[in-house]
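Below is one structure, written out as structure tokens, with a few remarks after it.
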């Protein structure tokens, strides 16, 4: 299940009144920046809104997990949208807004490998860059934040922009590589990307 939720118009106090947070969650909440507080509350409100009654916790690498166990969760935020993926399988999700400042083009050398740059058409560069970034961010989350270099540890196979396409992608470790399947869709001015480990 994948949820995209717009939380800009909800007020922090309204969220707090409708949520029942444990003592540990309240302490954690108070330690967050204002932006992170909004994200924290937005995610929990979205889960409550759709009737999910599981608690979110984080491991030492800040990877979220659910209790009671049995399902996997991944979270993402971009401007006024949050995305939540819940699955029986390990999953990573990312949502990114197509920005007018072309920031993604300016930082592409930090995450685009040479073998990826050759299949990116110039006319659709920003779209491809957002999708590739989303795939690598999703792989990073799926793996639990262990491999931080988007150049060295993650690879995306060539793909074309088309609806409902499955994109092969890889986590590259020292001793071996593992293949995953990535999916994306465009929602308004956002790209939603997720990777699942079946």
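Note on the stretch 102-162: enclosed helices (runs of 4 or more DSSP H) holding 3 or more residues that are touching a residue at least 60 places away in the same chain (Cβ under 8 Å) and buried (at least 19 other Cβ atoms within 10 Å of the Cβ) are 125-143. Can you name every residue in the stretch 24-50 that is at pLDDT 80 or above, out of contact with any helix residue (DSSP H, G or I) (no Cβ under 8 Å at 6 or more places or on another chain) and part of a loop (DSSP other than H, G, I, E, B)? Across the stretch 24-50, the qualifying residues are 31, 33.
Restricting 163, 186 to residues that are outside the structural domain of residue 43 (by TED's automatic domain parsing), in contact with a helix residue (DSSP H, G or I) (Cβ under 9 Å, 6 or more places away or on another chain) and at pLDDT below 95 narrows the list to 186. Among the residues here, residue 89 qualifies as within 24 Å of residue 186 (Cα to Cα), exposed (fewer than 15 other Cβ atoms within 10 Å of the Cβ) and modelled with pLDDT of 80 or more. Put simply, of 73, 82 the only residue that is at pLDDT below 90, in contact with a helix residue (DSSP H, G or I) (Cβ under 6 Å, 6 or more places away or on another chain), in the same structural domain as residue 35 (by TED's automatic domain parsing) and in a strand (DSSP E or B) is 82.
Only one of the numbered conditions (1) touching a helix residue (DSSP H, G or I) at 6+ places or on another chain (Cβ under 9 Å); (2) closer than 20 Å to residue 114 by Cα; (3) modelled with pLDDT of 95 or more is not met by residue 135, and that is (1). For the stretch 173-181, the criterion of being within 16 Å of the chain's Cα centre (by Cα) and farther than 21 Å from residue 61 by Cβ is met by at least one residue.
The values are calculated or read from the model by the stated rules, or taken from the named source; none is laboratory data. Everything quoted here is computed from the prediction, not taken from an experiment. Methodologically, a virtual Cβ is constructed for each residue, glycine included, from the backbone with ideal geometry; neighbour enumeration extends over all protein chains shown.
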